[in-house]
1. Taking the stretch 46-72 only, how many residues are acidic (Asp, Glu), in a loop (DSSP other than H, G, I, E, B) and either surrounded by 10 or more Cβ atoms within 10 Å (Cβ to Cβ) or at pLDDT 80 or above (or both)?
2. Looking at this structure, is ILE7 open to solvent by 100 Å² or more (accessible area, probe 1.4 Å) and either among the aromatic types (Phe, Trp, Tyr) or on the phi < 0 side of the Ramachandran plot (or both)?
3. What single numbered condition from (1) touching a helix residue (DSSP H, G or I) at 6+ places or on another chain (Cβ under 9 Å); (2) surrounded by fewer than 10 Cβ atoms within 10 Å (Cβ to Cβ); (3) at pLDDT 85 or above; (4) hydrophobic (A, V, I, L, M, F, W, C) fails to hold for PHE43?
4. Filter the stretch 22-35 down to the residues that are among the hydrophobic types (A, V, I, L, M, F, W, C) and either open to solvent by less than 100 Å² (accessible area, probe 1.4 Å) or modelled with pLDDT under 90 (or both) and list them by number.
5. Which ones in the stretch 11-21 are within 20 Å of the chain's Cα centre (by Cα) and exposed (fewer than 10 other Cβ atoms within 10 Å of the Cβ)?
Amino acid sequence: GMGLLGIFSRIGGILTPLVIMLGEYQAALPMLIYGSLPIGAGFLCALLPETRDQPLKDTIKDLEQGPQPRPP
């Protein structure tokens with residue numbers, strides 16, 4: 001996992017100047033790219049087995065209760 005993280009951090013470092021240069025063609029394009037990636041990652045996290053079909057926790061009390069059993 002740590003090696004994969006290192007690979008993607010290097011790729012991000014390489015792509016960052018290129019995305020910033022896209023701002024010369026369309027000013028909002030870098031903001032659109034950097035804004036949409038975290039939103040997309042958040043949606044993908046909702047598909048993880050730990051969070052799939054689980055209600056979102058609203059309070060500290062909900063967190064202390066632990067995970068709800070999954071429906072079969």
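1. Within the stretch 46-72, residues that are acidic (Asp, Glu), in a loop (DSSP other than H, G, I, E, B) and either surrounded by 10 or more Cβ atoms within 10 Å (Cβ to Cβ) or at pLDDT 80 or above (or both) number 1.
2. Working: open to solvent by 100 Å² or more (accessible area, probe 1.4 Å): no; either among the aromatic types (Phe, Trp, Tyr) or on the phi < 0 side of the Ramachandran plot (or both): yes.
Judged against the criteria, ILE7 is not a match.
3. Answer for PHE43: the failing condition is (1).
4. LEU22, ALA27, ALA28, LEU29, ILE33
5. Residues satisfying the conditions are GLY13, ILE14.
The values are calculated or read from the model by the stated rules, or taken from the named source; none is laboratory data. Since the structure is predicted, the reported quantities are computational estimates derived from the model, not experimental observations. Here Cβ is always computed from backbone atoms with ideal geometry, including for glycine, and neighbour counts include all displayed protein chains. What goes into the accessible areas is simple: the full protein's heavy atoms, side chains included, and nothing from ligands, DNA or RNA. Shrake-Rupley method; radii C 1.70, N 1.55, O 1.52, S 1.80 Å.
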